[in-house]
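Bear in mind these aren't lab numbers, they're just calculated from the coordinates by the rules spelled out. Nothing here was measured: the structure is a model prediction, and the numbers come from that model. Glycine also receives a Cβ, built like all others from the backbone with ideal geometry; neighbour counts cover every protein chain displayed.
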Amino acid sequence: TNFGIWVDLATRAVTFQRRTGALGPQEAFYSYKKMIPSLTGIAQTMVTVMEETGTLAGILDANQGLDGASVLIFGEFYGGRYRDQTAGMIMVQPQIHYSPTCHFFPFDIAVCPEGDASVERENQRELAEDEGDPLPPHPSDMVYLSAHEVDSICEKAAGRCDLLTWATPVMVGTLEECKAIPVEGVATTIPGRLGLEPIPDNFWEGVVIRPLHQRGRHTIMKRKVNVMGSAGIAAAERAAKSKIRGSANANDTTDVLAPYRAAIDTIMTVDRATEIISHHGVAMKVIGRVIKEFSDEVMGLVMEGMDEAFFRLTDKTQAKLKKVIRKEAGVFVRQVFLQQAQG
């Protein structure tokens, strides 16, 4: 489950966010409230390592310093059950046994030289690219660290905080070598990294292939498994009873939205758009942020409804679904914006 940590570099204040927006300290999002002290320590330690290694100084303008700048740490929650062991936390992935307790798994770090303004420009950049009119580089652009830098920062931070696992490579090689790595029937490596005894047929979810040393927004290839281990089959069968989850067709590329139209129409409402607009105001300078937040929320809810069915789609079909939802969300939000501006 996607989760982000935002660190203000001037104050070291830490806030949290899920796929669809910011999280308040009392919001129910798995067991994140129990993990706030640990997550705060992890994020602040990672930022300290970035300072000590000169990573921040190499990105931020020397005259600017840390004022107004932020770091975003992207990752996932996992765990909550291992065999019959639990630690009083909400189970995140029902189909795979990772750990009896929940953990944060960082996989990306972005430096935002101008904080919110950098995020807003990133949203505008994504929209412009979807429309075929990419924006030129700008000093306020978010800078995504390379996979190697993220691995190195996490490794240095791990001995000084509660960080136990992160996106360390299971293989380094050429693109063709990485594409050839077997993904079916491979045991997840996470329990072993946590010192847990292995469980038979407890297979990983797949692999992510990305450049090792390239900074910036990465072209990522995901290779998902087609067959889960017996440890997760029962949970997957229960999930398949949902009418949305049962309707996915990995070969349907003619109208990628067709199986999910009813769900999307239910989610994409004026009330939902109005609620997000109320957080930002009716001003054209923030419309990109509103569209991004609205489309992310719609996409997140669709994915939650589809569950495993989403990851049975091909990468091409997943990308098409996301692109079409973002385009429709943009049209929808602009209509609501116009109505509110005129009203």
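Computed on segment 56-196, with alpha-carbon pairs under 8 angstrom and 6+ residues apart, the relative contact order is 22 percent. Peptides 265-272, 7-14, 101-108 ranked from most to least packed, by the mean per-residue count of other Cβ atoms within 10 Å: 101-108, 7-14, 265-272. Straight Cα distances below 20 angstrom link Lys179 to the lysines Lys222, Lys224, Lys316, with same-chain residues fewer than 8 positions distant left out. The distance between label points at Glu52 and Ile90 comes to 3.4 nm (points 7 Å beyond Cα on the Cα→Cβ vector). The slack in the chain from Glu328 to Glu131, taken as 0.36 nm per residue of separation less the alpha-carbon distance, amounts to 69.7 nm.
In this structure, Ala187 and Glu76 have a Cβ-Cβ separation that, at R0 = 30 Å, corresponds to a calculated FRET efficiency of about 0.95.
Length available on full extension from Asp61 to Lys34: 0.36 nm per residue minus the Cα-Cα distance, which gives 6.0 nm. Each of Thr11 and Thr174 was given a label point 7 Å from its Cα along the Cα-to-Cβ line. The distance between the two points is 5.1 nm. Our note on the geometry: Cα centres of segment 1-58 and segment 133-178, 16 Å apart.
Available extension along the chain between Glu27 and Gln335 is 107.9 nm, counting 0.36 nm per residue and deducting the alpha carbon span.
Return the FRET efficiency for the residue pair Asp116, Ile199: r is the Cβ-Cβ distance, R0 is 30 Å, and the value is rounded to the nearest 0.05. For Asp116 and Ile199, the calculated efficiency is 0.10.
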